[in-house]
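Engineer: Pasting a structure here, questions to come.
The values are calculated or read from the model by the stated rules, or taken from the named source; none is laboratory data. Note that the structure is predicted; figures quoted are calculated from it, not measured. Cβ sites come from the backbone with ideal geometry, for glycine too, and all protein chains shown count toward neighbours.
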Amino acid sequence: MKIISPDYILTPDTLLKSHAIAFDKTIQKIASLDTLKKEFPQAKIIKLQKNSLLMPGLINAHVHIEFSANKNQLSYGDFLTWLYSVIEGREELLSECNLTCMSNAIDAMLVNGITTFGAISSHGMDLKACENAKQNVIFFNELIGSQASMADALFSDFLSRLDASKAIRRKGFYPAVAIHSPYSVHPILIQKALQIVKNEKLKLTAHFMESEAERNWLDSSSGDFKDFFSTFLKQDKSISDAKEFLGYFNGYETLLTHAVKTNDEELDQIARQKHTIIHCPISNRLLGNPALNIKRLNEKNIRWIVATDGLSSNYKLDLFEEMKISLFMHSDAPLLQFAQELIKGVTIHAAEALGLNTGEIKEGKNADMLVLDLDAEPNKELTIHLILHRYNISKVFINGKLEKGNE
Ligand code: BEZ
Ligand code: FE2
């Protein structure tokens with residue numbers, strides 16, 4: 001047992017003062033330091049500097065580790081231009097990112113306070129790096145392929161990657177499933193994969209309504225995707241529409257990434273089915289896609305969380321940076337309230353969406369915790385300043401183990 005006694009604790013619902021935490025792998029008790037010392041006399045006490053703040057570890061539910069080699073190879077500003085550059089640069093980018101490159105990206109997330117991440121794995125090349133990661137990992141094996149003729153081969157490749165991830169047995173590692181998107185996965189494949197998700201109770205995610213091009217292609221087989229599909233896939237019609245695609249996910253609480261071009265009918269269905277939307281503001285901006293209409297999600301009571309996406313559409317894997325960009329992007333949102341929602345979107349709401357016992361400083365939760373060195377006593381506007389100042393993160397605990405900093 002260890003006892004940590006920070007000056008302040010952000011739970012994140014409330015700010016506690018003069019409380020300490022007794023923890024092993026989980027948070028055992030929150031009380032005054034004196035009470036905890038009496039109850040756990042053997043516990044090691046971790047001393048902290050003035051104005052220390054303890055908060056839950058951050059959760060990045062959507063990142064593509066395999067594409068971590070990208071610096072300036074991919075073209076930004078327009079979704080289809082980016083996608084063409086991915087297809088052209090894919091082999092080189094993947095081969096440039098060896099185990100060290102992927103582990104560096106994962107370690108950078110740890111330094112940035114990310115204690116849990118959802119890896120969207122296209123090829124399974126990131127399995128070893130994710131197995132070795134200090135963080136909790138939801139390993140989303142991605143299924144892709146719109147051509148019926150390729151379905152069997154693609155599904156057996158997907159199954160073998162899923163099996164490989166199921167063979168990893170370590171605490172905090174969860175094999176899971178990603179359906180790439182409505183335009184890129186054949187309905188037969190989707191239904192086969194969802195059967196496995198249901199039988200094995202796996203976590204599930206998909207990209208959804210990321211671009212104007214996707215909207216037009218799914219609605220009327222027109223727009224920027226027309227040339228793309230006829231050139232690369234010899235298709236002149238979309239394989240399904242958005243309504244049909246969303247329908248497959250009824251009964252599965254799914255994390256839908258981007259959703260910046262969803263219409264009202266789709267949002268109503270997302271609300272009814274209790275899906276979560278993953279907001280990746282930097283990726284949306286860089287790929288020429290619109291900003292997520294968060295006001296509309298709040299009106300419809302749809303849970304939304306914040307993630308970085310991969311280095312294929314970002315310049316760092318840092319949720320503090322991501323929240324800051326979102327704060328400025330949504331310039332008509334009430335500042336303090338929105339900052340609080342953003343902090344919840346990388347902690348408690350992300351944990352709820354992923355069904356994980358973390359994201360909150362509360363007795364019984366996993367001890368995934370950060371210590372930040374504030375530069376002054378916090379006030380009512382703490383969440384704004386957390387997002388603005390990117391305070392030093394001096395300690396990171398994951399399942400109670402110190403993974404960054406000194407005890
Ligand atoms: C496909 O494999 O069918 C596909 C991949 C990327 C975009 C669209 C389709
Ligand atoms: Fe993505």
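Engineer: Can you tell me how many residues in the range 35-68 are assigned to a loop (DSSP other than H, G, I, E, B) and more than 16 Å from ligand 2 (Cβ to nearest atom)?
Structural biologist: So in the range 35-68, the residues assigned to a loop (DSSP other than H, G, I, E, B) come out as 40-43, 47-51, 57, 64, 68.
Then keep just the ones that are more than 16 Å from ligand 2 (Cβ to nearest atom); that gives 40-43, 47-51, 57.
Matching residues across the range 35-68 total 10.
Engineer: Among the candidates 299, 352, 322, which residue alone is within 13 Å of the chain's Cα centre (by Cα) and farther than 20 Å from residue 388 by Cα?
Structural biologist: 352
Engineer: Right, next: Exactly one condition in (1) touching a residue at least 12 places away in the same chain (Cβ under 8 Å); (2) not in a strand (DSSP E or B) is not met by residue 27; state its number.
Structural biologist: (2)
Engineer: May I pose another question? Check the range 330-338 and report whether any residue there is of a type in the set (A, V, I, L, M, F, W, C), within 19 Å of the chain's Cα centre (by Cα) and under 28 Å from residue 275 (Cβ atoms).
Structural biologist: yes
Engineer: Just for the range 131-184: of the residues that are among the aromatic types (Phe, Trp, Tyr) and under 26 Å from residue 307 (Cα atoms), which one is nearest to ligand 2 (Cβ to nearest atom)? Before the answer, list the steps.
Structural biologist: First, the residues of the range 131-184 that are among the aromatic types (Phe, Trp, Tyr): 139-140, 155, 158, 173-174, 183.
Restricting the remaining residues to those that are under 26 Å from residue 307 (Cα atoms) gives 139-140, 158, 173-174, 183.
Details: 139: 15, 140: 10, 158: 17, 173: 20, 174: 18, 183: 14 Å.
Taking the candidates together, the pick is 140.
Engineer: List the strands (runs of 3 or more DSSP E) inside the range 295-407, counting only whole elements, that have at least 1 residues being in the same structural domain as residue 263 (by TED's automatic domain parsing) and within 16 Å of ligand 2 (Cβ to nearest atom).
Structural biologist: Counting at least 1 such residues, we get 303-306.
Engineer: Now, a different point. Does residue 221 satisfy being over 16 Å from residue 180 (Cα atoms) and modelled with pLDDT of 95 or more? Break it down into steps so the answer makes sense when it comes.
Structural biologist: On the way: over 16 Å from residue 180 (Cα atoms): yes; modelled with pLDDT of 95 or more: yes.
Here the answer is yes, as residue 221 does meet what is asked.
Engineer: Provide a single number: the residues in the range 1-17 that are within 22 Å of residue 347 (Cβ to Cβ) and outside any strand (DSSP E or B).
Structural biologist: 7
Engineer: Let me ask something additional. Determine which single condition residue 309 fails, assuming it passes every other condition in (1) at positive phi; (2) surrounded by fewer than 18 Cβ atoms within 10 Å (Cβ to Cβ).
Structural biologist: Here residue 309 meets the rest and fails (2).
Engineer: Then there's this: Name the residues in the range 359-390 that are more than 14 Å from the chain's Cα centre (by Cα), crowded, with 20+ Cβ neighbours inside 10 Å and not hydrophobic (A, V, I, L, M, F, W, C), would you?
Structural biologist: The answer is 360, 365, 366, 368, 383.
Engineer: Could you tell me whether any residue of the range 319-339 is within 16 Å of ligand 1 (Cβ to nearest atom) and at pLDDT 95 or above?
Structural biologist: For the range 319-339, residues within 16 Å of ligand 1 (Cβ to nearest atom) and at pLDDT 95 or above: absent.
Engineer: Let me ask you something else. Please enumerate the residues belonging to the range 174-215 that are part of a helix (DSSP H, G or I), among the β-branched types (Val, Ile, Thr) and more than 14 Å from ligand 1 (Cβ to nearest atom).
Structural biologist: Those that are part of a helix (DSSP H, G or I), among the β-branched types (Val, Ile, Thr) and more than 14 Å from ligand 1 (Cβ to nearest atom): 196, 197.
Engineer: Now a separate question. Just give me the residues in the range 117-173 being part of a helix (DSSP H, G or I) and polar (S, T, N, Q), in sequence order.
Structural biologist: Of everything in the range 117-173, those that are part of a helix (DSSP H, G or I) and polar (S, T, N, Q) turn out to be 132, 149, 156, 160, 165.
Engineer: A follow-up question, please. Select the helices (runs of 4 or more DSSP H) contained entirely in the range 219-284, then report the ones holding at least 1 residues which are in contact (Cβ under 8 Å) with a residue 12 or more places away in the chain and more than 15 Å from ligand 1 (Cβ to nearest atom).
Structural biologist: 242-248, 264-272
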